[in-house]
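One structure is given here, and the rest of the page talks about it.
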Amino acid sequence: MKERFRGILASQTAVSAAYILFGLVLLLRPGLSGSLICTLLGLGALLFGAVKLASYWRLKEMGGFQTDLFLGVIFAAVGIFTLVQPGIILSILPIVLGIALMLGGLSKVQRAFQLKGMNYSRWTVVLGTGILTSLLGVVLLVNPFAAAAAMIQCIGLGLIVDGASELWAMYCMSKV
C-alpha cells in the first residue's frame, strides 16, 4: 500500500509541477502562449490521428480495428482544424479548462474531507485551495473574458493555483 501511495505521490507531484510551470508561461507570455498552445494541440492531434490511421492500414488485412480508423480520422481532422483556425480553439479553451479546474477543485474538496476524517489538523487549507480552484474554474466558465491575453493569464493563474494546491494536498496526505 505504501509503495502504491508513493507512486501516486510522485506522479501527482510531477503533474502539479508541470501545471505550475505551464501556468507561469501562460501568465507571463499570454500572446505567445495562445498560438503555441494551438500549434502544439494541433500537431499532437494530427500526429495521434496519423498513428491511428497507420495502425488501421497496417492491420487492414487482418480485419483492422474500426476504432483506429474512426479515431484516426477524427483526431487528424481536429489537428488540421486547430492548426488552421486557432482563434476558435482559443475561444473554447477557457471553457474546457474551466471545467477541468472546477472538477479538480471539487476533487480537492473531497480530499479535504477525507483528511478531516483522518483527524488531520490542516484539512481546512486543502478545503480552501479546493474551493479557490473550483471558483477559478467557474469564473472561466461564466466569463471567459473578451481579451484573449487576459483569458490566457487567468488560465495560467488557475493552473498555478491548482498545481500549488495539489502539491499542498499531496504533502498533507503524505504526513497522515
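The values are calculated or read from the model by the stated rules, or taken from the named source; none is laboratory data. Just so you know, these numbers come straight off a predicted model, no measurement behind them. Backbone-built Cβ (ideal geometry, glycine too); neighbour counts: all protein chains shown. Protein only, heavy atoms only, side chains kept; ligands, DNA and RNA dropped before computing areas. Shrake-Rupley method; radii C 1.70, N 1.55, O 1.52, S 1.80 Å.
What the table below lists for this structure:
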{"quantity": "Failed item, numbered, when Gln153 is tested on (1) of a type in the set (S, T, N, Q); (2) touching a Leu at 6+ places or on another chain (Cβ under 9 Å); (3) within 20 Å of Ile8 (Cα to Cα)", "calculated": "(3)"}
{"quantity": "Pick from the stretch 34-48, criterion small (Gly, Ala, Ser), without any contact (Cβ under 8 Å) to a residue 60 or more places away in the chain and surrounded by 17 or more Cβ atoms within 10 Å (Cβ to Cβ), ranking: nearest to Ile88 (Cα to Cα)", "calculated": "Gly42"}
{"quantity": "Test: residue in the stretch 26-34 that is in a helix (DSSP H, G or I), within 19 Å of the chain's Cα centre (by Cα) and among the small types (Gly, Ala, Ser)", "calculated": "yes"}
{"quantity": "Residues that are at pLDDT below 80 and assigned to a helix (DSSP H, G or I), drawn from the stretch 59-96", "calculated": "Lys60, Glu61, Met62, Gln66, Leu90, Ser91, Leu93, Pro94"}
{"quantity": "Among (1) surrounded by 18 or more Cβ atoms within 10 Å (Cβ to Cβ); (2) closer than 26 Å to Ser165 by Cα; (3) modelled with pLDDT under 85 - the single one Ser16 does not satisfy", "calculated": "(3)"}
{"quantity": "Qualifying residues in the stretch 122-175 (those that are among the aromatic types (Phe, Trp, Tyr) and farther than 18 Å from Leu90 by Cβ) - the one surrounded by the fewest Cβ atoms within 10 Å (Cβ to Cβ)", "calculated": "Tyr171"}
{"quantity": "Single match in Ser91, Ser107, Ser55 (criterion: under 27 Å from Thr129 (Cβ atoms) and among the small types (Gly, Ala, Ser))", "calculated": "Ser107"}
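Residue-by-condition table, conditions (1) under 21 Å from the mean Cα position of the chain (by Cα); (2) in contact (Cβ under 8 Å) with a residue 12 or more places away in the chain; (3) open to solvent by 40 Å² or more (accessible area, probe 1.4 Å):
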site	(1), (2), (3)
Lys60	no, no, yes
Gln66	no, no, yes
Phe70	no, no, yes
Ile80	no, yes, yes
Leu83	yes, yes, yes
Gly87	yes, no, yes
Leu93	yes, yes, no
Gly98	yes, yes, no
Ser107	yes, yes, yes
